[in-house]
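The values are calculated or read from the model by the stated rules, or taken from the named source; none is laboratory data. Predicted, not measured: the structure shown is a model, and the values here were computed from it. Neighbour counts are summed over all protein chains in view; Cβ atoms, including those assigned to glycine, are modelled from backbone coordinates with ideal geometry. Side chains are part of the model used for accessible areas, which takes the heavy atoms of the whole protein and leaves out ligands, DNA and RNA. Shrake-Rupley method; radii C 1.70, N 1.55, O 1.52, S 1.80 Å.
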Amino acid sequence: MSATLIDGKAVAETVKAKVKEGAEYLRTEYNITPGLATVLVGERPDSRVYVASKQKACADLGMNSYGKTLPADISQGELLDVVEGLARDPNVHGILVQLPLPGHLDAETILRAVPIEKDVDGFSPLNVGRLSMKNREPMFVPCTPLGCLYLIDSVGTQIEGANAVVLGRSNIVGLPMSFLLLHRNATVTICHSRTRDLPGITRNADILVAAIGRPKFVKADWVKPGATVIDVGINEVPDATKKSGKRLVGDVDFDAVKEVAGAITPVPGGVGPMTIAMLMQNTLTAAQRAAGLIK
Ligand code: NDP
């Protein structure tokens, strides 16, 4: 392996240790315990797992979590009432509405009910708008792209002036990632399902972020030697050697690409652990702001 392995698990542990210290300080000095409310609508197994892991992280770091588990057929009005109640609750510093919501609910309206100062996921239209403009500071940045940026910085990759290619243009990952890199003065190319000649574009990337949800899609000869490769994808593939009969792989053909890249994240153990660490960091920030300790 020639690439440096970017150990997301280790970096996430460092972030979480600092967050734990910050939460402890708030509790002992100001009698404030950072609190995260999670809103889960319906029974999607993956969403339940994500919410449970966020609640566990809160407990591990000395934060409160307030879980709202709601039926899949809840009305838009009832869900709005729940979110508005959390918005008014002074013990709740961050509100996370687990996406996707069932089809009959309008996610944008629900996310708009999350006040900007409690929008620890960074998905409310105001925060999204600020992130997409020049010289505007969002109060929070979406956790997965923020984690990716942290990992790029963790290996000292120069972002300013670099050619950065982002594969994927979702609201959750691809688009906010592109803005973060742009604000750090990278020259950013955003690719999607209609992009022509992907390999021709990715071969120019000093920084390549793959967030498309296609197993092992990015091949070794698509990657510029020495590039920093961040693999956001989480894909289940069959694996007869595993008890479960399956395993997780990323969007990057890791075994081949690691021989070409300068630094690379594995899946699992790369971006995934960073997402929760950044959520915890954002929740602490929200509590520190509520206490008037930071802007
Ligand atoms: P979406 O399905 O919302 O978006 C996928 C994007 O990839 C779209 O922009 C789509 O293009 C593009 N795309 C799909 N197929 C191709 C292709 N063949 N060539 C080029 N572009 C393509 O996914 P998400 O952004 O939500 O997630 C992406 C991946 O990241 C998934 O595997 C997901 O599980 C993972 N993920 C991981 C997280 C973590 O914490 N590690 C957090 C969130 C997501 P178009 O817009 O044209 O349709």
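Would a scan of the stretch 194-204 turn up a residue that is in a strand (DSSP E or B), open to solvent by 80 Å² or more (accessible area, probe 1.4 Å) and within 16 Å of the ligand (Cβ to nearest atom)? Steps first, answer last, please.
Initially, the stretch 194-204 is screened for residues in a strand (DSSP E or B), giving none.
No.
For residue 238, all conditions in the list (1) within 11 Å of the ligand (Cβ to nearest atom); (2) open to solvent by 30 Å² or more (accessible area, probe 1.4 Å); (3) over 22 Å from residue 275 (Cβ atoms) hold save one; what is the number of the exception?
(1) is the only condition that residue 238 fails.
Taking only the stretch 218-232 into account, find how many residues are within 11 Å of the ligand (Cβ to nearest atom) and open to solvent by 70 Å² or more (accessible area, probe 1.4 Å).
Final tally of qualifying residues: 0.
Which one of these does residue 207 not meet: (1) touching a Pro at 6+ places or on another chain (Cβ under 6 Å); (2) away from the ligand (no atom under 16 Å from the Cβ)?
(1)
Can you tell me which residue in the stretch 261-292 is farthest from the ligand (Cβ to nearest atom), limited to those that are open to solvent by 40 Å² or more (accessible area, probe 1.4 Å) and more than 19 Å from residue 7 (Cβ to Cβ)?
Per the criteria, the residue is 292.
Under 7 Å between Cβ atoms, at least 6 apart or on separate chains: pull out the pairs that start in the stretch 284-295 with a residue that is in contact (Cβ under 8 Å) with a residue 24 or more places away in the chain and end on any residue that is hydroxyl-bearing (Ser, Thr, Tyr) and surrounded by fewer than 20 Cβ atoms within 10 Å (Cβ to Cβ).
Pairs found: 291/30.
Taking the options 111, 86, name whichever one is crowded, with 17+ Cβ neighbours inside 10 Å, part of a helix (DSSP H, G or I) and without any contact (Cβ under 8 Å) to a residue 24 or more places away in the chain.
111
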